[in-house]
1. In a Gaussian network model over the chain where Cα atoms closer than 10 Å are linked, find which of Thr68, Thr85, Thr97 has the largest mean-square fluctuation.
2. With only Lys, Arg, Asp and Glu charged, each at its Cβ (+1 for the first two, -1 for the last two), find how big the charge dipole of the stretch 1-70 is about the Cα centre; round to the nearest 20 debye.
3. Using a Gaussian network model on the chain with a 10 Å cutoff between Cα atoms, which of Met59, Met42, Met131 fluctuates the most?
4. Compute the helix-to-body angle for 133-147: its Cα long axis versus the longest principal axis of the chain, expressed 0 to 90° and rounded to tens.
5. Please give the peptides 87-95, 8-16 ranked by average Cβ packing (other Cβ atoms within 10 Å per residue), highest first, as a rough proxy for protection.
Amino acid sequence: MIGFFKYVSCPNMVIGISDQQTGSQLVLKPINSELRKILWNMNMKTGEIVLAASDDMVMDTNGGSSITLQQRSKGKLSQQWDIATTRGFIRNKQYTTHVIDSNNRGTHDNNPVILYPYNGSEAQQWKFVPMDEMSVNILAEEVMAEDEPSHA
């Protein structure tokens, strides 16, 4: 299911990436950012949250507080997330007492998105907003157009 994770305490911000490469930190991005940096494919069956612009780049945590984009490693618990058990909170399946959190309750562009012990605060509340199939197809065309070189 493709969509974006809206920050509940600041609805014009979503979970995104600083750059589309391995090791990039998850950060807050404005909702009108480049689509390749803010759209995610949530696999409810595996728990993986995959960058929609890539088939093999997923949200991962190394056991510390950082959440980064990493190559998919099938079955790796640090790459699996639960968004259903505690509604509004995204819990890591390896570190089950930790959830996705906006660092220091930040609401600005590029504020780090981290893994932090669950405390129920607004900094930890997210809403997955799915795209319908028609929107996904239109957005896919836009993303492809962003990647094409301009002919000026």
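Values in this text are rule-based calculations from the coordinates and carry no lab data. Note that the structure is a prediction, hence the values are computed from the model and not measured. Counting neighbours? That spans all protein chains shown, and the Cβs are built from the backbone with ideal geometry, glycine included.
1. Ranking Thr68, Thr85, Thr97 by mean-square fluctuation puts Thr85 first.
2. Working: 5 positive and 6 negative charges, 53 e Å.
For this selection, approximately 260 debye.
3. Met131
4. Computed tilt is about 70 degrees.
5. Numbers: 87-95: 16.9, 8-16: 18.9.
Result, highest mean first: 8-16, 87-95.
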